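Okay, structure first, notes after.
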Amino acid sequence: MAEQYPVFIPVRDRLGPLRDLVAWLESVGQQEIWLIDNDSTYGPLVEYLEASPHHVLRLGHNVGQRSPFLSGAVQRHAFERHFVITDPDVVPDPACPSDALDHFRELLDRYPHIDKVGFGLRIDDLPDHYPLKQSVIEWEGEFWSPDLEIERGVFEAPIDTTFALYRPLTDRRHRMDLALRTGLPYVARHVPWYQDPSNLTEDDVYYRDHADATISNWDRDQLPWWKQRALGAG
């Protein structure tokens, strides 16, 4: 039986990628899945959560991507345990090995100064129809730099809330810069980067109409001003 880790997924108003992510977690034997609902109103997602066999924590308001910590879920349900936090729209690549979490754990054990280990995000297969393709490649490409590769297929690069395995909580807050990202074949896709704006799904349309534009940077046809400035475009 696979070693069990509490997996915390903040969710709001988007179902497709979440369903694929949960299916992958189930396929690799993970059973302790926590879906943290940030006041979703999208009907199909609400129905999915009601029928889910996994833990559903309904917050009643939108706390955002840090809701696993701000809601107290991690502190209550992962005390003294390794745990996973992931955005709901990051899905492991179809070719990703099923032992990814074991690989992450081995890297945490090998590098004691690191707080978390997670998937590198693919940027080599982004479709031309995605309007922010070049911005994503420029932004994420830095994290694939050979200068950051500390061993073959392992990059010391920051991780915010994309899929990662964390060390158990201590009195010191986890730092996003003390992180490792894995290379092929241990990679994932950030699903919004594959959207076709001329052919959006019902999921995508509802999410865009109800999302906070300051948070959902890659779900728009234009980046917010601060990210444009960081990329030298503004």
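The values are calculated or read from the model by the stated rules, or taken from the named source; none is laboratory data. In this text, all values refer to a predicted model and were calculated from it rather than measured experimentally. Cβ coordinates were reconstructed from backbone atoms using ideal geometry, including for glycine residues, and neighbour counts include every protein chain displayed.
Data for the structure
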item: Residue in segment 1-23 that is surrounded by the fewest Cβ atoms within 10 Å (Cβ to Cβ), counting only those that are assigned to a helix (DSSP H, G or I) and of a type in the set (A, V, I, L, M, F, W, C); result: 23
item: Strands (runs of 3 or more DSSP E) within segment 24-91 that include 1 or more residues in contact (Cβ under 8 Å) with a residue 60 or more places away in the chain and closer than 21 Å to residue 14 by Cβ; result: 83-85
item: Subset of segment 42-81 [buried (at least 17 other Cβ atoms within 10 Å of the Cβ) and β-branched (Val, Ile, Thr)]; result: 63, 74
item: Test for residue 46: is it more than 17 Å from residue 91 (Cα to Cα) and β-branched (Val, Ile, Thr); result: yes
item: Options 74, 11; residue that is under 13 Å from the mean Cα position of the chain (by Cα) and not hydroxyl-bearing (Ser, Thr, Tyr); result: 11
item: Qualifying residues in segment 123-181 (those that are of a type in the set (Gly, Ala, Ser), surrounded by 14 or more Cβ atoms within 10 Å (Cβ to Cβ) and modelled with pLDDT of 95 or more) - the one nearest to residue 81 (Cα to Cα); result: 164
item: Within segment 202-213, tally of residues that are over 22 Å from residue 163 (Cβ atoms) and not small (Gly, Ala, Ser); result: 6
item: Subset of segment 127-184 (residues that are under 16 Å from residue 107 (Cβ atoms) and hydroxyl-bearing (Ser, Thr, Tyr)); result: 162, 166, 182
